[in-house]
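Laboratory data are not the source of any read-out in this text; all were calculated from the coordinates shown. All figures in this text were calculated on a predicted structure; none of them were measured in a lab. Here the Cβ positions follow ideal geometry from the backbone for every residue, glycine too, while neighbour counts run over all protein chains shown.
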């Protein structure tokens, strides 16, 4: 069964809130404050993509690279779980150093569907 992602809506004017489909993510679901901060950064970024180095510099400017990288790994996991507790990588992924929503699976053409 294919997964069709639901819309993710991030609001930052008048307070921070996130909805995935009809599900509102409550403050308590953001296990780490930095997970919410990561979501905000990506919501504001062009194409909702940032390189991991940009994120580490924004969230942990005073830490060494290794410590910031460890923090990013934990923060990314917490953000993924908040966005989708069932399958944490459906809405936020890390690929080749970039953090972004995963690329959608290509939709088969009608000719390919008949095969």
> If the label point is 7 Å along Cα→Cβ of residue 90, which residues in the stretch 4-32 have backbone nitrogen under 16 Å from it?
Replying inline: 4-9, 19-25
> If one takes the longest principal axis of the Cα atoms in the chain, at what angle in degrees, from 0 to 90 and to the nearest 10, does the Cα axis of helix 65-83 lie?
Replying inline: 50
> Using Cα atoms only, what is the angle between the long axis of helix 33-44 and the major principal axis of the chain, expressed in degrees (0 to 90) to the nearest 10?
Replying inline: 60
> Thinking of the chain as a set of Cα atoms, what percent of all their pairs are more than 23 Å apart?
Replying inline: 33
> Helix-derived [θ] at 222 nm for the chain: sum -39500 (n - 2.57) over DSSP H runs of at least 4, divide by residue count, nearest 500?
Replying inline: -11000 deg cm²/dmol
>> Explain nothing, just the number: relative contact order of the chain, from Cα pairs under 8 Å at least 6 residues apart, as a whole percent.
In response: 22
